[in-house]
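Have a look at the structure below before the remarks.
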Amino acid sequence: MSEIFDISRFDSYREDNRREVKKAHDGLPVSLWDTYSAFANCYGGIIILGVKENPDGSWRTTGLKNAAKLQKEFWDIINNTNKVSINLLRENDVETYEYNGDVIMTIHVPAARREQKPVYINNDMFNGTFRRNYEGDYHCTTIQVKTMLRDRKACQRISAILPAIRSICPFWTVLVWKFSMLIPCAAIEILSPH
């Protein structure tokens, strides 16, 4: 994620399909969870709290009142499956920095694997699934959600049979190479040599 955000390049960044800033001065913004879902369902990205977007698109820090409390609240909520369908984050995906005398927090959201999608909020798959386009978070259509569900089921079926194929086929690397474009998930990892 270092190519997405480097504190030394803060002044050169703008919001886009992988970066989102939120003021969060008085607490976690409600829209944080829309962005988490959108990043997870697309390419991943970084949410930066304690920063405001200026009219010209540049950023300025606003700081966080109590970063430690905010971080604890964030972890409590992201681990609540009534709020977020899946927590994709590791502990080191959330960091705090001091910049221009203000404390800011970054949340590195990885892209979900196909078998983890859709990532949705508020225990509502069809109204709580988002996608990211340019610098906006948009509700997924019913068809987009059903497509994610279809892909997830295909991954589960493929993942179930691949270990057996690997054990009986001495030429598994050739198969992986030939059919890698047809395997729509991380199941290919199962075939890789250990």
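If you go through the range 131-142 and keep only what is open to solvent by 40 Å² or more (accessible area, probe 1.4 Å) and in contact with a Phe, Trp or Tyr (Cβ under 7 Å, 6 or more places away or on another chain), you end up with Arg131, Asp137, Tyr138, His139, Thr142. Just wondering, is there one or more residues in the range 54-65 that are over 24 Å from Phe130 (Cα atoms), in contact with a Lys or Arg (Cβ under 6 Å, 6 or more places away or on another chain), at pLDDT 95 or above and among the hydroxyl-bearing types (Ser, Thr, Tyr)? Yes, the range 54-65 has at least one match.
Does Ala164 satisfy the criteria of being modelled with pLDDT of 65 or more, open to solvent by less than 60 Å² (accessible area, probe 1.4 Å) and more than 22 Å from the chain's Cα centre (by Cα)? Considered against the rule, which asks whether it is modelled with pLDDT of 65 or more, open to solvent by less than 60 Å² (accessible area, probe 1.4 Å) and more than 22 Å from the chain's Cα centre (by Cα), Ala164 comes out as yes. Which of the residues that make up the range 5-18 are open to solvent by 40 Å² or more (accessible area, probe 1.4 Å) and touching a Gly at 6+ places or on another chain (Cβ under 8 Å)? Residues satisfying the conditions are Arg14, Asn17, Arg18. Against the numbered list (1) more than 25 Å from Arg9 (Cβ to Cβ); (2) modelled with pLDDT under 95, Thr129 comes up short only at (2). Close Cβ contacts (under 9 Å, 6 or more residues apart or on different chains) running from residues in the range 128-144 that are more than 19 Å from Arg114 (Cβ to Cβ) to residues that are crowded, with 16+ Cβ neighbours inside 10 Å and among the small types (Gly, Ala, Ser) comprise Asn133/Ala38; Gly136/Ala38; Asp137/Ser37; Asp137/Ala38; Tyr138/Ala38; His139/Gly128. Among the conditions (1) within 16 Å of the chain's Cα centre (by Cα); (2) touching a residue at least 60 places away in the same chain (Cβ under 8 Å); (3) more than 30 Å from Phe126 (Cβ to Cβ), the only one that Glu3 does not satisfy is (2).
The condition (being open to solvent by less than 80 Å² (accessible area, probe 1.4 Å) and modelled with pLDDT of 95 or more) is satisfied by just one residue among Val145, Val176: Val145. Listed conditions (1) part of a loop (DSSP other than H, G, I, E, B); (2) open to solvent by less than 20 Å² (accessible area, probe 1.4 Å) are all met by Tyr36, apart from (1).
The values are calculated or read from the model by the stated rules, or taken from the named source; none is laboratory data. Quantities reported herein were computed from a predicted structural model and do not represent experimental measurements. Cβ: placed from backbone, ideal geometry, glycine included. Neighbour counts: every protein chain shown. Keep in mind that these areas ignore ligands, DNA and RNA; they rest on the heavy atoms of the full protein, side chains included. Shrake-Rupley method; radii C 1.70, N 1.55, O 1.52, S 1.80 Å.
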